[in-house]
1. Just wondering, is there one or more residues in the range A:174-184 that are closer than 20 Å to A:ALA286 by Cα and in contact with a helix residue (DSSP H, G or I) (Cβ under 7 Å, 6 or more places away or on another chain)?
2. Quickly run through the range B:145-178 and pick out the residues that are charged (D, E, K, R) and farther than 24 Å from B:SER212 by Cβ.
3. Which strands (runs of 3 or more DSSP E) sit wholly inside the range A:1-64 and have at least 1 residues that are within 24 Å of A:ASP93 (Cα to Cα) and of a type in the set (D, E, K, R)?
4. I want to confirm something. Restricting to the range B:80-138 and keeping residues that are in contact with a Lys or Arg (Cβ under 7 Å, 6 or more places away or on another chain) and hydroxyl-bearing (Ser, Thr, Tyr), which single residue is modelled with the highest pLDDT?
5. I'd like to verify a number: residues in the range A:208-231 that are crowded, with 18+ Cβ neighbours inside 10 Å and within 14 Å of chain B (Cβ to nearest Cβ), how many?
6. Tally the residues that are assigned to a helix (DSSP H, G or I) and not polar (S, T, N, Q), restricting the search to the range B:242-289.
7. Quick check on the range B:119-144: of everything there that is more than 15 Å from B:TRP209 (Cβ to Cβ) and in a loop (DSSP other than H, G, I, E, B), which residue is farthest from the other protein chains (Cβ to nearest Cβ)?
8. Which condition number in (1) within 13 Å of another protein chain (Cβ to nearest Cβ); (2) without any contact (Cβ under 8 Å) to a residue 40 or more places away in the chain; (3) touching a His at 6+ places or on another chain (Cβ under 7 Å) is the one that B:LYS175 fails?
2 protein chains.
Amino acid sequence: MTQPLPILVTGAGGFVGRSIVASLLEQGREVVAMDVMADGIPAGAHVLAGDLASADLRREALGDGVSAVIHLATVPGGAAEANPVASRAINVDAMYDLLLEASAFGNYPRFVYASSIAVFGDPLPAFVDDQSPLSPKMIYGAHKAMMEHAVAMFTNRGGIEGVTVRLPGILARPKGPSGLKSAFMSNLFHALKAGEEFTCPVSAQATIWAESLACVTGNFLHALELDTTLLPPTYAVTLPALRVTMGDLAQEIARQCGVSADLVRYEPDAALEAAFGAQPPLSTPAATKAGFADDGGLDRLVASALQTLG
Amino acid sequence: MTQPLPILVTGAGGFVGRSIVASLLEQGREVVAMDVMADGIPAGAHVLAGDLASADLRREALGDGVSAVIHLATVPGGAAEANPVASRAINVDAMYDLLLEASAFGNYPRFVYASSIAVFGDPLPAFVDDQSPLSPKMIYGAHKAMMEHAVAMFTNRGGIEGVTVRLPGILARPKGPSGLKSAFMSNLFHALKAGEEFTCPVSAQATIWAESLACVTGNFLHALELDTTLLPPTYAVTLPALRVTMGDLAQEIARQCGVSADLVRYEPDAALEAAFGAQPPLSTPAATKAGFADDGGLDRLVASALQTLG
C-alpha cells in the first residue's frame, strides 16, 4: 500500500496554524508546515521556513504532490492596510501561483482557504447571511474576495477541490503584536486571567462574532473531509460564530476566572468600534448544512478559549 | 472656466470601443483612446497605441488625470482560455495597476468596467438574477469576477467611482476572428444580409442573451452619468438583455433582410451549445433600477444590429 500524500499547511507558524498542525499530527497525518516564522510549529511536522512568494519554496512544499492544502498564510488585515503591495504579493499573487501549482499534479487535492468576514465590507452591512453581497473596503478583504473566485475557478476546472471558509474572530490569540486590529478581543482574556485591569477599546455593547481556537481547528479538520457537494456553488461559506457583546464576554470570562468584571474599563475608539465592535446579526445556514459548527454557547466559548491561553 | 478632464477609453479599437468613442466625440467630449490595435479608432480621439501592461503607456493615458475611464481592454474569453498567462497579465494585473493609478489623482473618476456573464459559470445556472452566486469556470470569467471586487474596493475607499456592467452577447460584431467563441451570433447577421447560406453551430432552440451595439453603447454612456447610489453594494450589475432563440433570431433577420430563413442550417456543436446556446432565463432588476435598458423587443434588436453591420 502506498503512503497517503502529505497535507501542506501554509501559515503553519501562526496561532491557528499551530493548532491545526498539532491536531493533524495527532491523527497520524504527515504534515508539511510552511511559514515565514517557523518557530513554534509542533514537532513532528516537516518544517519549511520561508516566504510563500518564493517559487522554490512552494515547489519544495508541494513536493511530489499533496493530498490537501490548508492555506492560512496571509498578510493580515492591519498589515495589509499598511502595506498594500505586500498584501497583493502574498494574498493575491503568491496564492494564485500556489493554486496553479497545486492544480498541476492532477490528483485534485482538497484546498481549504482561510478567507475573512472582511469580504463583506467595512462597516459590515446591517445583517450578514449567505446572500450578503461581497463589497470589500479594506485591502485585506478585497484580496480575500478576489481569491475566493480563483479558488472557485480552479475547483470548477478540476484542478483542486476548493473549500473557502470565512473566519470570524478567533479567541483567544496569544498576547503581543499579531498585525490584527482585532487583537483586543483576545487581550481581554489575558488580562482577566491574570487578574489585571483592562482598557477595552470598544464599548460594552459592542458586538463581535467569535469562535474558540478549538472550534475553528475542528472546522478546518472538517473542511478536509466534508462532502463538497454540500457546499454552495461558490464553495465559500461564512463559518458559524457566536455573536456576543464585549460586556457579556467580559462577565463570563471574569466569572470563570473568579475575578471581578469591574477590572474592565470601556474607552471606545470610534474607528475600532465601527470596524470590529458593530458586527451585525449573522446567519450561516450554508455552513451549518456543510457540517460546520460554532462553540454552542458563550460559556463553552469562554471555557474553550481559556483552555488554550496557555 | 477650466476644461473638463478627458475620458479614457481602453480597448478603444474594439467593436464596442469604437462605437463608444464615436458617441463621446459626438457629445463634444475629449477622449483618450487606447488600444493594442489602434486602427479604426474614430478620428478626433487622442490615440495611444500599445499594451495596457505598459506602465509608461498607462501614465501617458492618465496624463494629468481623467474625469472617467471606460475600461474595455481585455484578453477575451477564448483567447484567455488558450493563454491564461496573458489573461492574468492583462485582465488582472494590468487592470489592478490602472485602478491604483486612476485612484491616485484624488478626483474620484468614474470607472466603468466591462465585466461578463462568464462570472456566473460555465454552464450558467438554471436561472440568473441579481442574487446569482459568482462561480466562474473559465479563466476569463474568473479574472473578471476577481476584478469586480477590486473595483468595489477602490470605490469603497474613495479612489474611484466604480460601475461594473456585465455584458451579454453584443450584436452584431464585424466579420472575422475576434477571439470570441460566441462570434457565430454575429456571423448569422452577416450571412443573411448577404443572402448567403449559414451553418449555425448551435440549435434553433438555443437561447442567447443579446443587446445591439447601439443599446450597449447607450448603456455605457449611461454608466458615465448615473447616480451611483442606485447601484447595489457591489457596484456591479448584469445588463438587461433580450433572451431569444437562434431560430427566432434567424427568422427576424431573414424577414428584415427579405431573404429566406431556410438559408440557415443548424449543426449544433455540443460544447458551443452548452457554453453559449443555453442561456437561461435572466432577471436584472438592479440594472433596470439604475437606468440601464435592453433593446425593447426582438424586431428592434435586429433592426438596430443590422444598421451597424456597415
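The values are calculated or read from the model by the stated rules, or taken from the named source; none is laboratory data. The shown structure was predicted, so the numbers you read here are calculated from the model rather than taken from an experiment. In this analysis, Cβ positions are derived from the backbone assuming ideal geometry, glycine residues included, and neighbour counts consider all displayed protein chains.
1. We begin by selecting, within the range A:174-184, every residue closer than 20 Å to A:ALA286 by Cα; these are none.
No.
2. Our first condition is that a residue be charged (D, E, K, R); within the range B:145-178, this holds for B:148, B:157, B:161, B:166, B:173, B:175.
Matches in the range B:145-178: B:GLU148, B:ARG157, B:GLU161.
3. Values: elements: A:7-10, A:31-35, A:46-49.
By residue number, A:31-35.
4. That would be B:SER115.
5. 1
6. Narrowing the range B:242-289 to residues assigned to a helix (DSSP H, G or I): B:246-257, B:261-263, B:270-276, B:285-289.
Checking which are not polar (S, T, N, Q) leaves us with B:246-250, B:252-255, B:257, B:261-263, B:270-276, B:285-287, B:289.
Total satisfying the criteria: 24.
7. Just the residues of the range B:119-144 that are more than 15 Å from B:TRP209 (Cβ to Cβ), to begin with: B:131, B:133-140, B:142-144.
Still in the running and in a loop (DSSP other than H, G, I, E, B): B:131, B:133-138.
On the way: B:GLN131: 6, B:PRO133: 5, B:LEU134: 6, B:SER135: 4, B:PRO136: 5, B:LYS137: 4, B:MET138: 8 Å.
Per the criteria, the residue is B:MET138.
8. (1)
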